1. Looking at Leu221 and the list (1) at pLDDT 95 or above; (2) farther than 25 Å from Lys336 by Cβ; (3) buried (at least 18 other Cβ atoms within 10 Å of the Cβ), which single condition is not satisfied?
2. What pairs come out if I take residues in the stretch 219-232 that are closer than 16 Å to Gly19 by Cβ and pair them with residues that are within 13 Å of the ligand (Cβ to nearest atom) and acidic (Asp, Glu) whose C-beta lies under 7 Å away, six or more apart or interchain?
3. List every residue pair whose Cβ atoms sit under 7 Å apart, with the two residues 6 or more apart in sequence or on different chains, where the first one lies in the stretch 57-69 and is assigned to a loop (DSSP other than H, G, I, E, B) and the second, anywhere, is within 8 Å of the ligand (Cβ to nearest atom) and of a type outside the set (A, V, I, L, M).
4. Considering Asp168, Asp184, which residue is surrounded by fewer than 16 Cβ atoms within 10 Å (Cβ to Cβ), under 25 Å from Thr66 (Cα atoms) and not small (Gly, Ala, Ser)?
5. So, in the stretch 286-299, of the ones that are touching a Gly at 6+ places or on another chain (Cβ under 9 Å) and part of a strand (DSSP E or B), which residue ends up nearest to the ligand (Cβ to nearest atom)?
6. Would you mind stating whether Lys330 is over 30 Å from Pro196 (Cα atoms) and either modelled with pLDDT of 95 or more or small (Gly, Ala, Ser) (or both)?
7. Within the stretch 34-74, work out how many residues are farther than 30 Å from Lys232 by Cα, crowded, with 20+ Cβ neighbours inside 10 Å, of a type outside the set (D, E, K, R) and more than 9 Å from the ligand (Cβ to nearest atom).
8. Residue by residue through the stretch 305-316, note down the ones that are touching a Leu at 6+ places or on another chain (Cβ under 8 Å) and part of a strand (DSSP E or B).
Amino acid sequence: MAESGFEYDFIIIGSGLFGSVCARELTDNGFKCLVLEKRNHIGGNCYTENIEGINVHKYGPHIFHTNSKRIWDYVNKYAAFNRFTYMPVANFKGDLFNLPFNMNTFYQLWKVKTPQEAQDKIQHQISKLDNKNLKNLEDYAINSVGHDVYEKLIKGYTEKQWGRDARDLPTSIIKRLPVRFTFDNNYFNDAYQGIPIGGYTKLIKALLTGIEIRRNVDYFLNKNQWNALGNKTIFTGKIDEYFDFKLGHLEYRSLLFETVRLEVKNFQGNAVINYTEKDVPYNRIIEHKHFEFGQQPFTIITKEYPKEWKSGNDAYYPINDVKNMRIYKKYKEMAKHENRTIFGGRLAEYKYYNMDQVIASALKSVTNILSANV
Ligand SMILES: Cc1cc2nc3c(=O)[nH]c(=O)nc-3n(C[C@H](O)[C@H](O)[C@H](O)COP(=O)(O)OP(=O)(O)OC[C@H]3O[C@@H](n4cnc5c(N)ncnc54)[C@H](O)[C@@H]3O)c2cc1C
């Protein structure tokens, strides 16, 4: 029996980072938690499956990066991190380019050797444009980095990713294009970066140590039964599903992963290679061993295909356009009246969160819960 008089103080729906951090913190503060997970494994989308010593990122490549020392120290309490630095490479029609756009990329594109030459080249391409009306992604990107970078490295990848012409996409998708005039291939500007040694599942397992978890359980199949067991619910699933899609479905972009084992030691020499031309159906190839500097005599690769989302498919990227955000705001209003349920995480908040952000958000939710309990 828990403090609240119920069997559990908190029923936590979902064992992704949001649910797992809440479970850990609430347990450490004396509350009894039960975690329900509809998949057959814990960890949500950052789950890694150990296949013969290689930790396979099952739901896309996950690189932990943050500027927050507090969050970095927090995750390092539960897992040791390696020194992995994300340096993806782009393949456009067989030519290779470093990402993010930096002096290496500009040398590969134009053979320019100094920052001034690169800036002049980009400025020259931008100054020839007469369309300064930056309402869509294409205009915005060309006006920021010029025609060559856009055509070879942005257009095809982005159109595949979102399944739409770049002229029909909002500028918000690429918000600020990372352009660097130094020879620096590190994708992130953050102070801290790495991969948990042994994979993300090890991190999640450590977070959930000593906490009761039930896998293969979809909360919605027995919602009342689970609610009766706990005083409060922390819900990290889809907010529209929670409300029986009363106001309609929120839309997502989906992904399909095709994973194979290859009898070669090193297939592509990098963890991630992006395929930026439109005609290649996948957007990237992930070679998982490179996240942890693996030396196995074989390798495992995954081709990641962007996919139209239909209800029932895995939901990956929320489509935060005007139509969907209007619906989400109404669900959010409804959520405010659900006194026993706390909503959090990428699906319940219909928001793209990086891992460090979702951990910060979970910690904040727990602080709110604790302060409401005193
Ligand atoms: C392709 C891709 C790549 C990414 N790469 C990075 C990266 O490199 N770096 C980074 O910082 N972030 C990355 N992210 C973001 C990262 O995945 C998220 O920040 C993180 O997964 C969010 O955790 P969460 O707990 O909110 O959601 P999730 O991880 O989705 O967890 C939610 C859990 O709830 C469960 N659930 C849902 N409904 C129910 C139900 N009805 N009953 C029971 N269980 C339920 C789900 O099965 C799931 O396990 C990436 C995301 C994607 C899609």
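The values are calculated or read from the model by the stated rules, or taken from the named source; none is laboratory data. These numbers come from a predicted model, not from an experiment. Reconstructed Cβ throughout: ideal geometry from the backbone, glycine too, with neighbour counts over all protein chains shown.
1. Only one criterion in (1) at pLDDT 95 or above; (2) farther than 25 Å from Lys336 by Cβ; (3) buried (at least 18 other Cβ atoms within 10 Å of the Cβ) is unmet by Leu221, namely (3).
2. Phe220/Glu241
3. Lys58/Tyr47; Tyr59/Asn45; Tyr59/Tyr47; Gly60/Glu304; His62/Cys46; Ile63/Tyr86; Ser68/Asp356
4. Only one candidate passes the filter, namely Asp184.
5. Here the residue is Ile286.
6. yes
7. Here the count works out to 3.
8. Tyr305, Pro306, Lys307
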